[in-house]
Amino acid sequence: MGFFSSAAALTTDPASGLQYRIAPRTSSAAARARLLLLHGVGGNEGNFDGIAEQLDPDLEVVQVRGPLTLAAGQYAWFMVSFQTGSPVINAEQANTSRQQLISLIASLQSTRSLPTVIAGFSQGGIMSAGVALTSPASVSGFGLLSGRILPEIEPLLADSAALASVQGFIAHGEFDNKLPVDWAHKATAWLERLGVAHQVRLYPMGHELNRQVVADFAGWLQTLLG
């Protein structure tokens with residue numbers, strides 16, 4: 001994803017079982033909001049090192065590691081196969097990870113309550129949208145960065161009144177050969193039907209997360225949090 005990694009120690013949340021670390025902050029003031037960042041399949045929390053410096057210094061940035069180990073330094077939120085040409089997921093794993101993330105957010109809030117946004121790249125974006133659309137009381141917004149909204153969460157969606165409190169940011173590459181840009185169009189149409197306020201940005205790139213995406217996401221985030 002173009003950002004350096006680090007071997008900083010992880011904290012294990014006893015409630016969810018998830019591991020995370022909080023990015024160093026340049027501001028001495030107390031954080032005014034919290035951002036959870038979720039990596040893609042085969043990645044790790046270190047993929048987001050360096051991103052915090054492009055964001056509001058008053059944010060507490062929490063980098064979360066997926067619960068499934070694929071190999072050394074490689075993790076995931078659920079298993080997925082592309083053998084049929086379209087992604088086929090392990091829905092049970094995705095649901096468990098979604099519940100773990102909701103539990104982690106509640107655990108962090110119990111320590112210090114802050115307005116919270118969840119965002120991620122690829123599979124991390126998938127999980128972010130799942131958390132926000134099924135548990136909108138947990139977050140103020142979500143970032144779907146080169147990801148998609150799982151059709152499997154439809155029975156779990158919150159009602160329209162609850163979803164009115166959530167906003168989304170969709171970023172996708174027009175030349176994405178992993179999750180084609182049509183997934184962004186589908187997500188947009190779905191959010192419109194649900195009445196979820198959102199912003200959509202398409203970029204002349206593939207399946208990636210670059211500095212322009214981060215800059216645009218940072219601008220959206222600043223507007224959302226005020």
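Taking all Cα pairs closer than 8 Å and separated by 6 or more residues, the relative contact order of the chain comes to 17 percent. Once the gyration tensor of the Cα atoms in the range 1-133 is diagonalised, the equivalent ellipsoid follows with semi-axes of 25, 17, 13 Å, ordered largest first. Across all directions, the shadow cast by the convex hull of the chain built on its C-alpha atoms averages 11.5 square nanometres.
Where the alpha-carbon atoms of the range 107-226 are placed on the principal axes, they occupy 40, 30, 22 Å, in descending order. Kirkwood's formula applied to the C-alpha pairs of the range 171-226 gives a hydrodynamic radius of 12.1 angstrom.
Accessible area of the range 1-122 with a 1.4 Å probe: how many percent of it is carbon plus sulfur? Don't skip to the answer; put the middle values down first.
On the way: 2760 of 5450 Å².
Within the range 1-122, the accessible surface is 51 percent carbon and sulfur.
The Kirkwood hydrodynamic radius of the range 65-163, based on inverse pair distances between different Cα atoms, is 14.0 Å.
Rounded to the nearest 20, the Cβ-based charge dipole of the range 1-156 about its Cα centre (Lys and Arg +1, Asp and Glu -1) stands at 140 debye.
In the chain, what % of DSSP beta bridges are antiparallel (nearest 5)? Walk me through the numbers before you get to the answer.
Values: 12 of 40 bridges.
Given both bridge residues lie in the chain, the antiparallel proportion sits at roughly 30 percent.
With N set to the residue count of the range 20-64, report its C-alpha Rg divided by 2.2 N^0.38 Å to two decimal places.
1.12
Across the range 111-180, counting alpha-carbon atoms alone, Rg and Dmax equal 12.5, 42 Å.
With the convex hull of the Cα atoms taken as the outline of the range 29-103, the averaged projected area works out to 6.4 nm². At the listed q of 0.15, 0.16, 0.21, 0.30 Å⁻¹, the Debye profile of the range 82-134, built from one uniform point per Cα, gives log10 I(q)/I(0) equal to -0.48, -0.54, -0.82, -1.23.
Show that you can apply the helix-only estimate: for the chain, add -39,500 (n - 2.57) for every DSSP H stretch of four or more residues, divide by all residues, and state [θ] at 222 nm to the nearest 500.
Details: 5 runs with 65 residues, N = 226.
That calculation yields -9000 deg cm²/dmol at 222 nm.
The values are calculated or read from the model by the stated rules, or taken from the named source; none is laboratory data. Since we're looking at a predicted model, the values are computed, not measured. Cβ atoms come from the backbone with ideal geometry, glycine included; neighbour counts cover every protein chain shown. The area values use the complete protein model at the heavy-atom level, side chains included, leaving out ligands, DNA and RNA. Shrake-Rupley method; radii C 1.70, N 1.55, O 1.52, S 1.80 Å.
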